[in-house]
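Below is one structure, written out as structure tokens, with a few remarks after it.
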Amino acid sequence: MERVTLRIPKQQVEEVERMVETGEYPNRSEAIRAAVREMLDEQDAGKERPSEKRQRRKRSWAKV
């Protein structure tokens with residue numbers, strides 16, 4: 001794997017930490033990898049009809 005450094009808002013880091021603490025993910029890295037996989041899966045689904053694309057624009061992973 002390759003190391004990537006990123007900056008995200010403190011609130012999002014705290015939310016990820018809560019998911020780790022509750023056992024949803026084993027660590028922050030795995031939680032972020034899961035989010036990236038979900039984003040890429042959504043992008044791959046982009047070969048759908050325009051109406052489906054509009055619905056897909058409401059990305060849960062893009063909260064700020």
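No lab work stands behind these numbers, since they all come straight from the coordinates. No experiment lies behind these values; they were computed from the predicted model shown. Here the Cβ positions follow ideal geometry from the backbone for every residue, glycine too, while neighbour counts run over all protein chains shown.
If you take all other residues with their beta carbon under 14 Å from the beta carbon of residue 28, and give Lys and Arg +1 and Asp and Glu -1, the sum is -1.
The stretch between residue 30 and residue 13 holds 4.8 nm of extra length on full extension. This uses 0.36 nm per residue minus the Cα-Cα distance.
What's the local net charge at residue 13, with K and R +1, D and E -1, over the other residues with C-beta under 12 Å away? Surrounding charge for residue 13 is +1.
Using R₀ = 30 Å, calculate the FRET efficiency as 1/(1 + (r/R₀)^6) where r is the Cβ-Cβ separation of residue 21 and residue 1; round to 0.05.
Numbers: r = 24 Å, r/R0 = 0.79.
Here the calculated transfer efficiency is 0.80.
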